[in-house]
Amino acid sequence: MAPLLQVEDLKTYFHLRDGVVKAVDGITFHVDKGETVGIVGESGSGKSITSLSIMRLVPEPGRIVHGRILFGADGQPKDVVKMTDEEIRDFRGSDVSMIFQDPMTSLNPVLKVGFQVREAMSAHDRFSDEQSKARVVPLLKKVRIPGAADRTKAYPHQFSGGMRQRVMIAMGLSNEPSLLIADEPTTALDVTVQAQILELLRDLNREMGTAIILITHNLAVVASLCTRVVVMYAGRIVEEGYTRDIFKNPQHPYTWSLLRSMPRLDAARHSKLLTISGLPPDMSNPPPGCKFHPRCRFRVDRCLEEEPPLGEVGPNQYARCWVLMQNALVTQPEKAAAAEVPIPPLSAEPAQIDQRPDPDRPGAVKA
Amino acid sequence: MATAPSDYVFQDEFTADSTYETGEAVSLWKDAWRRLTSNYFALFGLAVIVLLLLVAIVSQFWTPYPTWKQGIGPTYGGPSAAHPFGLDQVGRDILSRLMGGAAIALAVGLGTALLSSIIGIALGLLAGFYRGWVDTVISLLINVWYGIPDLLVVMLFVVIINSRELKWIIVAISITAWLNMARLVRGQTLALREREFVEAARSIGTRDVGLLTRHILPNALGPIIVQATYLIPAAILFEAFLSFLGLGAPPPEPSWGAMCAEGYKSLQLAAHVTLVPAFALAITLIALNAFGDGLRDALDPRMRR
Amino acid sequence: MTLEASPEVESRVVDKQLALVSVEDVTKHFPIGAGLLGGGSAVRAVDGVSFEVRAGETLGLVGESGCGKSTLGRVIAQLHPATSGKVIFQGQDLVPMRGEKLRRMRQELQMIFQDPYASLNPRMTVGEIIGEPLKNFGLARGKERSNRVHEVMRTCGLNPNFLNRYPHEFSGGQRQRIGIARALVLNPTFIVADEPISALDVSIQAQIVNLMEDLQNRFKLTYLFIAHDLSVVRHLSDRVAVMYLGKIMEIADSHSIYENPLHPYTKALLSSIPIPDPDLEAKRQPILLQGEIPSPVNPPSGCRFHTRCPIAQFPICSEQVPPLESKVDGHLAACHFAGQL
Ligand SMILES: Nc1ncnc2c1ncn2[C@@H]1O[C@H](COP(=O)(O)OP(=O)(O)OP(=O)(O)O)[C@@H](O)[C@H]1O
Ligand SMILES: Nc1ncnc2c1ncn2[C@@H]1O[C@H](COP(=O)(O)OP(=O)(O)OP(=O)(O)O)[C@@H](O)[C@H]1O
Ligand code: SF4
Ligand code: SF4
Ligand SMILES: [Mg+2]
Ligand SMILES: [Mg+2]
């Protein structure tokens, strides 16, 4: 079966006065029908520009300079890059819709919420005016706005952040798109609200079969919602695969390090987090060779000159690295060990995990 | 511009290779200068200002003829090789007087801008920083002052001081001109005092004076400079207006305004006596305003690209 | 002499039973919409909070956005005057202190800010920023001052060669190091850190967490660590206080809070946090709270959490304010039905 979305060697560049920023530099990935795919990476890695490219909404002076974005699972996929303005208008919002990080800036503050949801439908011709009108309340109910019928007449500022994000999701889903792109939908929200929104997205995916691309820098959010993950670094995909494989058996040193640099709720206080030294690269002047090499503890000579290809490293798992973790753990065990942070088992022996004050601390009062 | 390679190495911790790390380049001022110099209208303004400054300086040491000397040639004499801008109603050389007038204009412009900025900045800082009753009093003063016509203030001042020396003219104009600066600085201060770095400065024990001079003022400098550059042409125009009314610098000071006023009576007979200083005044004002606009755009962070 | 070996650090006590800072019934109300007649209401950002921070420990303060964490941190650091209550530090109540006395006190009590972009003066060089505290207290001049600045920069992982650069030339993580160096240069005893890592890139956060831990060990610092990220708090803290709508809901040592939360809010909060492990994630059962935090202008009566609490019982929960009291040895919770969710 053909995938719903197939991005092929997409390059989106920004031509600035002092050079070219290769925000997205040759990425290839696909999303199957009804699938949830996470795109993770740190700030500036090109996640948003990837999704904006799919929507053909790249801001000036950015431009898609290469590649194809094939959409449609019905044997006759269309290339989004080549669509006419007419076609793209129809494509946005009805085939694919997008929700953004900040729900306040995406809603019109002077229009009533119910009206805005209806507008989202009447801009397309999937539903008649009558139908659109009738769908508003059920949609708001579906995204679990309490008292939906009464709240259609409210203005966005009368809603809380989480409710505004729900309205955005309702608008995104109003035309029953087959793909929903959510760009950091929960970053601006609190954990308890984040949990509600993630639960909502999970249910919508299950009930309506809408495929979801979830963009985030939070690996835990990906673990909670996505079946597959794409890890981006400096405009490139550095690792891709099923969520379980990536988390259990990461092959790219960046993914591997990132997973060990995060404090985890399921691990009690431990000695030290792994740090990824250095800074994310400056995208107008990226390093030669492997883009991660200035920060990579496993690098070999080859990494400095030649950029590795995105190669298959296991069933359905791909990584862009000359060394790969499976080899690094064998050939450079001391580096791997130095970086390895033991995660004490949860609830095993509470008294032992929490033996504070740490007697090894300088200045600690010995009991 | 490479950023810090962290020499803070944890025990057996790997350190990154920092060759390719870069920070944001250009500073605000450098960036502003670049934008200013790509604005031709502002550059024209700057060129005129530099020329004016040179002429004003030269006029203090040398003019073709003494600015006050009458009967150098025929009264109302037209332009000639010896007197490129002609002669006025009492036979003084207009070029010489124009040069002397440049010095007066600049002295009034810069002096007023400086003095009224000092008053405005001081009151604005106090009102914005201390708020409460200090702000109430200063804001009331500003609003009342706005209601009183500037001309009235200056006339009263000149009468009370009973002198029309240039320095008193500058003081007189300054006490009418600080209002906008005070408002601007008050607003800036109100906003800046809530900024986190000011709070941080407070937390490290910075005294109020330090907060005002090291943290608030330097960050309000951009708009202050822009406002001050607008004060210069306004003051020059006001002085010309006063001189035109006979309230400005006393004769035989070659104030451009006075020159216009004197030639005005014989406009039909010898237009050049009025037109030459009027033209000089106009060019100067246009140049100063162009420069001020350029500066404003250059320092406006929204114009950053 | 290095900062580390200074007599102040030498004599500093690390005793996690001993209160270094005691916060007693502190409130902070921001008046809003006060009309001509003096009416108008107030944002009750912090509304009657008591706890202590013990010598040498890290007390984590967590809660959702707008619950008053930053306000409380600022009140303790004396950047906002408290509306009422006491903040006792080294035996003295800081709240009524003003002027020079308060300024002197600040040497001992520093703050690290959330936003590494907004908290550094863009018009000052890094050297000036880090040297300013010394200048303010006349602690070191000339060569001595620059030596101290160099030392602190090195301690915080900044290259002293960058002394003359401006903040905008640094990355977020480096700016946060500058902020930490500025707080450290006075050799304080107590540091309030208001979400010091939440504005940073994921790959950079661990650098700052490790730095803060390391500094605590070397200088015997006491931290009040404010965060909304419970994972980081678990990693760093000895004890944790959970705040909701201007009040402390639960406070206990880190282990008890995470392993055995007694307050339903804490429990819901912990269950909401995704874990970066797909297998554990599949098993996690979040307790989904209905709705969102009510407005702090007129918080709910009785227990503030009753509008969202899954086990609330009426009318008791909406009428009686549950006191913050010890439930099991030293584990304090403010709930009528603690431990029943
Ligand atoms: N309008 C623009 N002009 C120039 N460069 C841009 C512009 N927008 C984005 N970029 C560059 O494109 C790169 C990728 O940006 P993008 O917004 O996709 O990052 P992101 O991964 O979404 O990061 P974040 O997590 O911060 O949202 C960045 O390095 C940025 O410098
Ligand atoms: N200066 C102020 N004037 C009026 N209200 C304020 C002020 N500062 C904070 N508040 C209000 O006090 C409440 C608590 O704010 P605070 O910043 O302490 O929350 P927080 O817990 O730090 O949240 P966050 O996680 O978003 O930083 C909020 O409702 C806020 O709107
Ligand atoms: S290619 Fe080399 S530098 Fe890049 S991630 Fe792999 S080991 Fe590290
Ligand atoms: S007191 Fe009542 S409403 Fe409050 S947390 Fe406990 S059970 Fe819930
Ligand atoms: Mg983005
Ligand atoms: Mg805060």
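The condition (being in contact with a helix residue (DSSP H, G or I) (Cβ under 6 Å, 6 or more places away or on another chain) and without any contact (Cβ under 8 Å) to a residue 60 or more places away in the chain) is satisfied by just one residue among A:V113, A:V65: A:V113. Of the conditions (1) at pLDDT below 90; (2) more than 8 Å from chain A (Cβ to nearest Cβ), C:V240 clears all except one; give me its number. Condition not satisfied by C:V240: (1). Within segment C:157-174, the set of residues being more than 10 Å from chain B (Cβ to nearest Cβ) and open to solvent by less than 20 Å² (accessible area, probe 1.4 Å) comprises just one member, C:G172. Note on segment A:18-136: enclosed helices (runs of 4 or more DSSP H) holding 1 or more residues that are open to solvent by less than 50 Å² (accessible area, probe 1.4 Å) and farther than 29 Å from A:T243 by Cβ are A:85-94, A:113-122.
For segment C:253-272, the set of residues classified as open to solvent by less than 10 Å² (accessible area, probe 1.4 Å) and either facing chain A (nearest Cβ under 7 Å) or assigned to a helix (DSSP H, G or I) (or both) consists of C:S254, C:I257, C:P264, C:Y265, C:T266, C:A268, C:L269, C:S272, listed by residue number.
Within segment B:185-233, the set of residues being of a type in the set (G, A, S) and more than 23 Å from the chain's Cα centre (by Cα) comprises B:A191, B:A200, B:A201, B:S203, B:G205, B:G210.
On the stretch given as segment C:80-94, residues that are part of a loop (DSSP other than H, G, I, E, B), open to solvent by 20 Å² or more (accessible area, probe 1.4 Å) and not small (G, A, S) total 4. Out of C:E292, C:E250, C:E319, one residue alone is facing chain A (nearest Cβ under 9 Å) and out of contact with any Lys or Arg (no Cβ under 7 Å at 6 or more places or on another chain). It is C:E292.
Every residue, every condition in (1) farther than 24 Å from B:I232 by Cα; (2) touching a Pro at 6+ places or on another chain (Cβ under 9 Å); (3) surrounded by fewer than 21 Cβ atoms within 10 Å (Cβ to Cβ), yes or no:
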| position | (1), (2), (3) |
| --- | --- |
| B:L53 | no, no, yes |
| B:A56 | no, no, yes |
| B:Y65 | yes, no, yes |
| B:R92 | yes, yes, no |
| B:G100 | no, yes, no |
| B:G111 | no, no, yes |
| B:G124 | no, no, no |
| B:G128 | yes, no, no |
| B:L151 | no, no, yes |
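Looking only at segment C:203-245, residues that are assigned to a helix (DSSP H, G or I), touching a Ser or Thr at 6+ places or on another chain (Cβ under 8 Å) and polar (S, T, N, Q) come to 5 in all. Restricting attention to helices (runs of 4 or more DSSP H) lying wholly within segment A:291-364, give those where 2 or more residues are more than 16 Å from ligand 1 (Cβ to nearest atom) and at pLDDT below 90. Output list reads A:325-331, A:333-339, A:350-353. If the condition is being small (G, A, S) and either more than 9 Å from chain B (Cβ to nearest Cβ) or on the phi > 0 side of the Ramachandran plot (or both), then segment C:107-156 contributes C:G127, C:G131, C:G138, C:A140, C:G142, C:S146.
If you go through segment C:42-81, how many residues are more than 16 Å from the chain's Cα centre (by Cα) and either more than 14 Å from C:I248 (Cα to Cα) or away from ligand 4 (no atom under 16 Å from the Cβ) (or both)?
Residues of segment C:42-81 that are more than 16 Å from the chain's Cα centre (by Cα), as a first pass: C:42-44, C:47-48, C:81.
Checking the rest, the ones that are also either more than 14 Å from C:I248 (Cα to Cα) or away from ligand 4 (no atom under 16 Å from the Cβ) (or both) come to C:42-44, C:81.
Residues in segment C:42-81 being more than 16 Å from the chain's Cα centre (by Cα) and either more than 14 Å from C:I248 (Cα to Cα) or away from ligand 4 (no atom under 16 Å from the Cβ) (or both): 4 in total.
Within the option set C:G66, C:G99, being out of contact with any helix residue (DSSP H, G or I) (no Cβ under 9 Å at 6 or more places or on another chain), modelled with pLDDT under 90 and away from ligand 2 (no atom under 16 Å from the Cβ) holds for one residue only, C:G99. Restricting attention to segment A:141-184 and to residues that are within 15 Å of A:A211 (Cα to Cα) and not hydrophobic (A, V, I, L, M, F, W, C), the residue that is surrounded by the fewest Cβ atoms within 10 Å (Cβ to Cβ) turns out to be A:E176.
B:S174 satisfies every condition listed in (1) in contact with a helix residue (DSSP H, G or I) (Cβ under 8 Å, 6 or more places away or on another chain); (2) open to solvent by 10 Å² or more (accessible area, probe 1.4 Å) except (2). Only one of the numbered conditions (1) of a type in the set (G, A, S); (2) open to solvent by 10 Å² or more (accessible area, probe 1.4 Å); (3) within 29 Å of A:R202 (Cα to Cα) is violated by C:S326, and that is (3).
The values are calculated or read from the model by the stated rules, or taken from the named source; none is laboratory data. This one's a predicted model, so the numbers in the text were calculated from it and none came from an experiment. Quick reminder, even Gly has a Cβ in these numbers, built from the backbone with ideal geometry, and neighbours come from all protein chains shown. The area values use the complete protein model at the heavy-atom level, side chains included, leaving out ligands, DNA and RNA. Shrake-Rupley method; radii C 1.70, N 1.55, O 1.52, S 1.80 Å.
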